[in-house]
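The values are calculated or read from the model by the stated rules, or taken from the named source; none is laboratory data. Keep in mind the model is a prediction, meaning the values are calculated, not measured. Heads up, the Cβs are rebuilt from the backbone with ideal geometry, glycines too, and the neighbour counts pull from every protein chain shown.
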Amino acid sequence: MRALSDLNIAVLGTGANGAGIGADLVNAGLRVTWIEQWPDNVSAIRANGVRVEFGQLEQGGRVEVAHPRILHLCEAATLREKFDAVVLLVKAYDTRWACELIKPYVADDGFVIGVQNGMSGDDIVDVMGESRALAAVIEITAAMYTPGVVERHSDRDRSWFAVGAPTPAARHHVDTAAAILAHAGVVEITDDIRSAKWMKLALNAAELVPSAIMDLSIADAASTDRLREVMLITGNEAVAATLADGCRVRAIFGMDGDVASNPDTFVETVLDELVANYILSFSRSTILQDWMKHRHSEVNEINGTVVRLLESAGQRAPANEAVVEFALDIEHGRRERGIHNLEPLIARMTELGAVLAFA
């Protein structure tokens with residue numbers, strides 16, 4: 001493995017997670033260039049650096065500041081250098097074009113690692129080729145509502161990554177990628193990154209969109225009885241999709257024991273672990289943050305993936321179908337987010353064929 005100090009690294013996408021991770025890399029003394037598409041964020045960071053607020057400041061939290069080299073997306077065309085490693089932190093639906101953008105600036109023996117939600121590893125392989133594509137599972141809770149300011153709700157000891165190669169051709173890059181991300185959290189190297197990605201998608205299917213539809217924090221959503229059941233059945237359909245894709249149920253976040261790798265108990269176990277150890281009581285899902293900013297969300301890349309995979313296997317995902325339907329209604333202005341959606345969502349899930357314990 002090459003010394004990290006010898007690497008030229010890019011962080012492509014420096015929103016909440018990208019800026020938080022990128023700040024850790026800058027402050028570790030690595031040679032890092034940020035590439036960002038939000039103009040106000042670029043301007044704020046150039047002027048004042050990025051401010052990362054860990055935890056709740058009024059309750060003993062702390063602030064760290066980093067001063068990265070940051071380029072606006074349109075300035076990528078001015079690059080004359082090659083990157084040995086690109087840490088990709090754009091939205092899942094932006095993966096393909098972002099890889100096409102950065103591809104000319106990746107060294108022949110370099111790599112791109114997708115540190116994202118969804119099954120984005122396939123897109124990275126398609127664009128970058130098998131030998132330059134890695135994938136990662138990420139669990140960091142963060143928010144960015146103000147340009148240049150990251151609210152990081154999970155500290156480095158409660159930030160977790162799984163790193164692996166979608167194909168054997170890129171395995172020689174895994175140790176380097178893991179060492180880079182180890183500056184930002186706990187890293188697990190896995191030989192089965194696809195299964196690990198599915199496990200995170202199952203959690204995301206359960207927590208991200210259902211809580212956003214109700215306009216609740218993840219913790220509040222998970223503690224609301226009937227909504228909790230909605231979340232669990234939605235996640236369990238994703239577990240069924242995992243198995244239909246030929247992948248296995250496995251523990252993530254460093255959990256162990258049978259309940260953490262059992263298809264019948266995985267979703268409830270990992271959701272409880274998330275709420276207990278990885279988020280704050282007021283942490284909003286990335287989906288809800290997107291909607292608050294009037295942005296498109298990753299619902300098609302998360303719950304929609306479950307629907308499509310099970311359809312291809314001759315099965316149905318009625319809970320996820322309903323979640324996608326409600327989420328798209330919100331995005332297109334046909335429905336307002338809020339807890340008033342709970343009973344209609346339950347009714348629609350039931351109408352589509354989902355069997356809920358309380359129905």
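The number of residues in the range 313-323 that are in contact (Cβ under 8 Å) with a residue 24 or more places away in the chain and more than 21 Å from residue 357 (Cα to Cα) comes to 1. When the criteria are applied in full, residue 268 meets the requirement of being outside the structural domain of residue 155 (by TED's automatic domain parsing), surrounded by fewer than 21 Cβ atoms within 10 Å (Cβ to Cβ) and either within 21 Å of residue 158 (Cβ to Cβ) or aromatic (Phe, Trp, Tyr) (or both). Summed over the range 332-350, the residues that are part of a helix (DSSP H, G or I), of a type in the set (Lys, Arg) and under 16 Å from residue 208 (Cβ atoms) give a count of 0. Among the residues in the range 169-177, are any over 15 Å from the mean Cα position of the chain (by Cα) and within 23 Å of residue 52 (Cβ to Cβ)? Checking the range 169-177: at least one residue is over 15 Å from the mean Cα position of the chain (by Cα) and within 23 Å of residue 52 (Cβ to Cβ). Note on the range 241-331: enclosed helices (runs of 4 or more DSSP H) holding 1 or more residues that are among the small types (Gly, Ala, Ser) and under 20 Å from the mean Cα position of the chain (by Cα) are 266-277, 299-312, 318-331. If you check residue 211 against the conditions, is it within 19 Å of residue 162 (Cβ to Cβ), assigned by TED's automatic domain parsing to the domain that holds residue 286 and hydroxyl-bearing (Ser, Thr, Tyr)? No; evaluated as a whole, the condition is false for this residue. Taking the conditions (1) touching a residue at least 60 places away in the same chain (Cβ under 8 Å); (2) small (Gly, Ala, Ser); (3) within 26 Å of residue 349 (Cα to Cα) in turn, residue 254 satisfies each one other than (3). One residue stands out in the range 20-72 among those that are without any contact (Cβ under 8 Å) to a residue 24 or more places away in the chain and part of a loop (DSSP other than H, G, I, E, B): the one that is surrounded by the fewest Cβ atoms within 10 Å (Cβ to Cβ), namely 60.
In the range 311-352, the residue that is surrounded by the fewest Cβ atoms within 10 Å (Cβ to Cβ) out of those that are touching a Lys or Arg at 6+ places or on another chain (Cβ under 6 Å) and not β-branched (Val, Ile, Thr) is 329. Among the residues making up the range 109-166, a single one is charged (D, E, K, R) and in a loop (DSSP other than H, G, I, E, B): 155. Taking the criterion of being in a strand (DSSP E or B) and among the small types (Gly, Ala, Ser), the only residue of the range 4-19 that qualifies is 10.
For first residues located in the range 78-106 and within 23 Å of residue 117 (Cα to Cα) and in the same structural domain as residue 15 (by TED's automatic domain parsing), partners that are assigned to a helix (DSSP H, G or I) and of a type in the set (Asp, Glu) and lie 6+ apart or on another chain with Cβ distances below 6 Å form the pairs 92/301; 93/301; 95/123; 96/123. Cβ-Cβ contacts under 7 Å between residues 6 or more apart (or on different chains), taken from a first residue in the range 235-251 that is in the same structural domain as residue 222 (by TED's automatic domain parsing) and under 13 Å from residue 206 (Cβ atoms) to a second residue that is modelled with pLDDT under 95 and not aliphatic (A, V, I, L, M), are absent. Within the range 84-106, can one find any residue that is closer than 14 Å to residue 9 by Cα, hydroxyl-bearing (Ser, Thr, Tyr) and part of a helix (DSSP H, G or I)? Scanning the range 84-106, I find at least one residue that is closer than 14 Å to residue 9 by Cα, hydroxyl-bearing (Ser, Thr, Tyr) and part of a helix (DSSP H, G or I), so the answer is yes.
Residue by residue, here is whether (1) part of a helix (DSSP H, G or I); (2) surrounded by fewer than 24 Cβ atoms within 10 Å (Cβ to Cβ); (3) touching a Phe, Trp or Tyr at 6+ places or on another chain (Cβ under 6 Å) holds:
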{"site": "194", "(1), (2), (3)": "yes, yes, no"}
{"site": "198", "(1), (2), (3)": "yes, no, no"}
{"site": "201", "(1), (2), (3)": "yes, no, no"}
{"site": "207", "(1), (2), (3)": "yes, no, no"}
{"site": "210", "(1), (2), (3)": "yes, no, no"}
{"site": "215", "(1), (2), (3)": "no, yes, no"}
{"site": "219", "(1), (2), (3)": "yes, yes, no"}
{"site": "227", "(1), (2), (3)": "yes, yes, no"}
{"site": "230", "(1), (2), (3)": "yes, no, no"}
